[in-house]
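The block underneath contains the structure these notes are about, expressed in structure tokens.
The numbers here are math on the coordinates, done by the rules we state, and not lab data. This is a predicted model, so every value here is computed, not measured.
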Amino acid sequence: MPRVSEVNDPGPDPILKETFAKETDTFGFVLNTTRIQAHTPGIMKAAKQLGAAVERSGLLPPQLLALIYLRVALINGCPF
């Protein structure tokens, strides 16, 4: 049982509509982290932009990023 309920419907919020549509197009579903962060759309958008900026910066090699993602998934108990 999750401690925080997931947002399943973006409602009228344009940030949520855009993000939900983009993830559905990319993955076929909306990611669980997005459904949790959707309680605060502005923070959700900023967090996603931060993650994208780290990837685009090129300061971390792709192999290291993959290991970081794997480690975070393991810590959170998520399948990778």
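Before anything else, pin down the relative contact order of the chain: Cα pairs under 8 Å, at least 6 apart, normalised by residue count, whole percent.
With pairs under 8 Å counted, the relative contact order is 22 percent.
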Amide H within-cut-off set for Ala38, under 5 Å, with H built and near neighbours excluded:
Val7
Calculated from backbone phi, Karplus (6.51, -1.76, 1.60) coupling profile of region 29-45 in Hz, x at Gly/Pro
6, 8, 4, 4, 4, 5, 5, 6, 5, 5, 5, 10, x, x, 5, 4, 4
Based on the alpha carbons, how large is the Rg to Rh ratio for the chain when Rh follows Kirkwood?
0.99
